[in-house]
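Rule-based calculations on the coordinates, nothing more; no lab input. Please read these numbers as outputs of a predicted model, since none were measured by experiment. As a convention, Cβ positions derive from the backbone with ideal geometry for all residues, glycine included, and neighbour counts pool all protein chains shown.
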Amino acid sequence: MKIRSIKSVDVDNKKVLIRVDFNVPLENGQVSDDTRIKATLPTLQHLIDNRAKIIIITHLGRPEGKVVEELRLDPVAKKLAELLGKEVKKVNDCIGPEVESAIEELQPGHLLLLENVRFHAEETDNSEEFSKKLAALADLMVIDSFGTAHRAHASTYGAAKLLPTYGGFLIEKEIQALSQVMHDVERPLTIIMGGAKIETKIGIMRKFVSQADHFLVGGGLGNTFLAAEGFDVGESLYEEDKKAVAQEILLEAEALEDQFHIPTDVVVADEVKEDAKKLDIPAEDVMGDMKILDIGVNTIKKFEEVIAKSKTIVWNGPLGLFEMDAFSRGTRHIAIAVANSEAKTIIGGGDTIDAIKDFGIDLEKYDHVSTGGGAMLQFLEGEELPGIEVIREGN
Ligand code: ADP
Ligand code: MG
């Protein structure tokens, strides 16, 4: 796949609208983890060096179309300025007169950060009107956000369709690394999936089942499969209306023999707290008000065995409620096993990466750390992502 690279266009004195993913965690009004901001610095530096008038757009959190004071981008502007050692102006909206006059005043090589684009409901609706207003702000657009590439929103897709659009260095790197996995994958290929976003993950899984050699499933996603197998999952996190899809996946997997692993034992507690009384029990013994919060010790062993004989591993989604030490064992063991494996390892997902960082494991131990979760899986599954379609050569 060929991407129109940012290097192929003259940006001198041009108004460049760049879509980044600065959806960073905030604590006490400050950016508490700047990984995502740092990841875009090469592209921003290129635009600075080549004297573009840089207009940055991103979302932060889920304000759902309303102004949420805590989700304003002022702390992000401050952090970015610090990292670049350069002033970053910030406006209080992403369209309208204040924005237009700030852009009028913008000098080549200078930066302006627009307000959280999701303060407008039209963003996620991919409204045509709103896309036109965004596109009208600039001469050309750069996409450098892989985490949002599977979303056809106004700032990731609608506006990009209306302007000449190029890919930044971050998205280029993602596409290169992930394309390699897709095209000459070394087998056995093992996919590990967990987490809570069952709705977005289960559809992707279905498409993957026939492509992967092994599937290891845990977390809330695993609970949905246990329910689909007919087990009582007590009061665990799972999705009742995804049981049917899970059953279809299980049927298909059965035909493919012993390659699809859901937990055989689990860690349960009746309360979600650090000092809750917990038990490691066979999956079939779960009942009543028990909550499955981690994979059990036999499941960890089985998963480790599969990981050890894999040549390529793709992992997205924690295998338990890792935020609490009491339920982090499964995710920790799998994180270590994947880190130590000889296989080519690709990991993605905001929470998966947070878990690895929490455990103190060096991210360098993985071959590719994707800035996308859902986007990574959809890309690997061979689907055209809207946010990539707009920068693909020939489009
Ligand atoms: P990612 O961001 O890596 O794609 P998700 O956002 O899908 O992952 O899911 C991460 C969340 O899933 C974490 O907050 C974790 O605590 C939660 N989780 C995983 N397993 C369970 C479980 N068994 N019960 C409740 N929450 C779980
Ligand atoms: Mg997440």
With a 10 Å Cβ neighbour count serving as the proxy for reagent exposure, in which order, fewest first, do 361, 18 appear? 361, 18
Using the Cα gyration tensor of the stretch 119-220, with a ≥ b ≥ c the square roots of its eigenvalues, what is the shape: rounded (a/c below 1.5), prolate (a/b larger than b/c) or oblate (neither)? oblate
Peptide ranges 177-183, 217-223 listed from the most packed, as the mean C-beta count within 10 angstrom indicates: 217-223, 177-183
Relative to the longest principal axis of the chain, what angle (0 to 90°, nearest 10) does the C-alpha long axis of helix 169-183 take? 40 degrees
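At a threshold of 8 angstrom on Cα-Cα distance, excluding pairs fewer than six apart, so keeping six or more, what relative contact order does the stretch 177-379 reach in percent?
Relative contact order comes out at 22 percent.
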Compute the helix-to-body angle for 297-308: its Cα long axis versus the longest principal axis of the chain, expressed 0 to 90° and rounded to tens. 60 degrees
Helix 74-84: inclination vs the chain longest Cα principal axis, degrees, rounded to 10, gives 80 degrees
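Taking loop as defined by DSSP and a crowding limit of 16 other beta carbons within 10 Å, which GluC sites (Glu not before Pro) in the stretch 258-326 fit? Mind showing how you got there, number by number?
Details: sites: 271, 274, 284, 304, 305, 323; in loops: 271, 274, 323.
Qualifying residues, ordered by number: 271, 274, 323.
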Testing the spin-label approximation: label points 7 Å from Cα along Cα→Cβ at residue 280 and residue 389. State their distance in nm. 4.8 nm
Would you calculate the separation in nanometres between label points at residue 84 and residue 364, each defined as 7 Å from the Cα along the Cα-to-beta-carbon direction? 2.8 nm
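Between the DSSP loop rule and a limit of at most 16 other Cβ atoms within 10 Å, which trypsin sites (Lys or Arg not before Pro) in the stretch 13-90 are left?
Answer in residue order: 51, 66, 86.
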Across bins of 5 angstrom width beginning at 0, how are the C-alpha pair distances of the stretch 6-170 distributed, in whole percent? 2, 10, 20, 25, 23, 15, 5, 1, 0
I need the trypsin sites (Lys or Arg not before Pro) found in the stretch 276-329, filtered to DSSP loop residues with at most 11 other beta carbons within 10 Å of theirs. 277
Apply the a/c threshold of 1.5 to the C-alpha gyration tensor of the stretch 177-379 and tell me whether it is rounded, prolate or oblate. oblate
